[in-house]
Amino acid sequence: MHEADVVTQRKRKLEKIIEAGFDPYPHKFPYTHTVSELVKQLARCAHDELEASPIHVRTCGRLIALRAHGKAAFAHVSDGQSRIQIYLKKDRVSERTFELYEFLDIGDLVGVAGEIFRTRTGELTVSVKELDLLAKCLLPLPEKWHGLTDTEIRYRQRYVDLIANPEVGNIFRRRAAIVRELRRFLDERDYVEVETPMMQPMAGGATARPFETFHKTLGIHLYLRVAPELYLKRLVVGGFPRVYELSRNFRNEGISVMHNPEFTMLEFYQAYSDYFDLMDLSQELLTQIVERVTGSRKVEYQGEVIDFGRWHRFTLFDSILHFWNLPTEKPSPTDLKNAGPLRKILDANQISYVPSMGAGALVGRLFEAVVENQLRHPTIIYDYPVEISPLAKTRDDDPSIAERFELFVGGIEIANAYSELNDPEEQRRRFEEQLKRRVAGDEEAHGMDEDYIRSLCYGLPPTAGEGIGVDRLTMILTDMRSIREVILFPHRRPESVE
RNA sequence: GGGCCGUUAGCUCAAUUGGCAGAGCAACUGACUCUUAAUCAGUAGGUUGGAGGUUCGAUUCCUCCACGGCUCACCA
């Protein structure tokens, strides 16, 4: 059976429905309850109760299963979240209604009116008196047992995925809850939510390759933002001591189970604070989000229980020594500060690195290779080499160390935060450093942002800022291994034209 | 971009050493007024991702291409 033949058959049924005088695409269906409401509200209503005082309802949804019994039929109607059984008996409906039923297919959108009862096996069921077709499903739905597993179709035609695999909807309902709770947490603490440009004349605030676009009237190139960071800090200068933005960033990089070209980030800034204040805040924030969203502090991720009641903190250097598991001898703290010994360690363990990397970048590589994957429980890693932290303020006692931390859960980096650099002269020097790299061909190197430096010249209070990857946080709280499972329409190559 | 694995009916999957391409669900016809993976009887549905090659013969072996999955690199 070709798909085209199924469509032809269903179109023919639609014509017959029209011939019988039914409106094939009615404009509305007034209902008394959604399917979910029925299931929830009547969950405890017993058989006798329903029999003694019948409840008339009107509800609607998609027909997802159909069991025909000649002059009667059972079916399930879904509102996308819950399903309820309906029972249609020839001698309880009009001839016209029964005729309509005979033209229905699995997938059709229907409205029903009738009384609620419980079947012999106790299932809550609508005994249908009236039936309406609300829209016809012309294409066949995937198989009812295994659902749809082909990722190609699941992501490209997410609507089919959501129909065939109702648990997929729960991932996105939970994602919505996470976003809601993040906002609530910050709103309660007097952070102001703002919206800054997505299209920027210069893509700053992170080292990443941007997407480029063009504004015709202005005749200028614009870049999709890689981070809102520099605009948010301008706002702190202007007098918003607590701001946040929760929206999309765009990075023209590879696609993987951890990366999508557009991703959602929460970025927030808090004046008169440093990175230690944000460590405490992050811990409180995540613990609260997890509890409110899942109802527990413990979350199962990929077969492991992650306890948001157990937090760990290490400096980056200590973490390498603490989690050391490579076959070669554990390095000394001095080894980790010097490029020569670091190269030897990386070489001996077949960890790749770029020759131009200094000690800071090399120790960063070593951290990624040794530690990252072992950080299952919520862990804060702090004090990063300044070499890999161009926008962070350095420690007073050690200018090679940036006041920066990252937060890991389930081996995944969830957040990145630092004490913001607020010295305009130093900021200019760092931009100039980046410019040199840009000239040398590094596409990801930062450009010179004169206006940002000008804003710093008006005085940025001591400020700490943090970014939280909302997609990755959602992965942890929905037990998903791939970022594509928590993004409704993940980017793919265009569908090939047949 | 590199490596490995995959692509068979609308969906989920089989097919022995290279020897007639199959099942379940969905669809169609018929039976059936408390079923729920409804059941029973029957019917139809395939350029095996695409192009080439080896062979008497290719879903199976080889090459290239497209798409996907995992992984490494880059990155959050």
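Restricting the search to segment A:221-270, which residues are assigned to a strand (DSSP E or B) and away from RNA strand B (no atom under 16 Å from the Cβ)? Scanning segment A:221-270 gives A:HIS221, A:LEU222, A:ARG242, A:VAL243, A:TYR244, A:TYR269, A:GLN270. For beta carbons closer than 9 Å, sequence separation of 6+ or different chains, a first residue in segment A:385-400 that is on the phi > 0 side of the Ramachandran plot and a second that is surrounded by 17 or more Cβ atoms within 10 Å (Cβ to Cβ) and at pLDDT 95 or above, there are no qualifying pairs. If you go through segment A:107-128 and pick out every residue that is in contact (Cβ under 8 Å) with a residue 60 or more places away in the chain and loosely packed, with under 14 Cβ neighbours inside 10 Å, you end up with 1. I'd like to know if segment A:260-274 contains one or more residues that are modelled with pLDDT of 95 or more and surrounded by fewer than 16 Cβ atoms within 10 Å (Cβ to Cβ). Yes, some residue in segment A:260-274 is modelled with pLDDT of 95 or more and surrounded by fewer than 16 Cβ atoms within 10 Å (Cβ to Cβ).
Residue count for segment A:237-251 satisfying the condition of being buried (at least 19 other Cβ atoms within 10 Å of the Cβ) and either closer than 20 Å to A:PHE431 by Cα or not hydrophobic (A, V, I, L, M, F, W, C) (or both): 5. The single residue among A:LEU88, A:LEU104, A:LEU131, A:LEU148 that is away from RNA strand B (no atom under 13 Å from the Cβ) and crowded, with 17+ Cβ neighbours inside 10 Å turns out to be A:LEU131. Does A:ARG180 satisfy being exposed (fewer than 14 other Cβ atoms within 10 Å of the Cβ) and either in a helix (DSSP H, G or I) or of a type in the set (Phe, Trp, Tyr) (or both)? Judged against the criteria, A:ARG180 is a match. Of all residues in segment A:452-474, those that are in contact (Cβ under 8 Å) with a residue 40 or more places away in the chain and either within 16 Å of A:LEU391 (Cβ to Cβ) or more than 27 Å from the chain's Cα centre (by Cα) (or both) total 13.
What single numbered condition from (1) in a loop (DSSP other than H, G, I, E, B); (2) more than 14 Å from RNA strand B (Cβ to nearest atom) fails to hold for A:PRO54? (2) is the only condition that A:PRO54 fails. Inside segment A:276-299, residues that are away from RNA strand B (no atom under 16 Å from the Cβ), assigned to a helix (DSSP H, G or I) and hydroxyl-bearing (Ser, Thr, Tyr) make up a count of 2. If we scan segment A:376-396, do we find a residue that is surrounded by fewer than 18 Cβ atoms within 10 Å (Cβ to Cβ), more than 19 Å from A:TYR275 (Cα to Cα) and not charged (D, E, K, R)? Yes, there is a match, as at least one residue in segment A:376-396 is surrounded by fewer than 18 Cβ atoms within 10 Å (Cβ to Cβ), more than 19 Å from A:TYR275 (Cα to Cα) and not charged (D, E, K, R).
The values are calculated or read from the model by the stated rules, or taken from the named source; none is laboratory data. The structure presented is a predicted model; accordingly, all values stated were derived computationally and were not measured. No Cβ is skipped: glycine too gets one built from the backbone with ideal geometry, and neighbour counts run over all protein chains shown.
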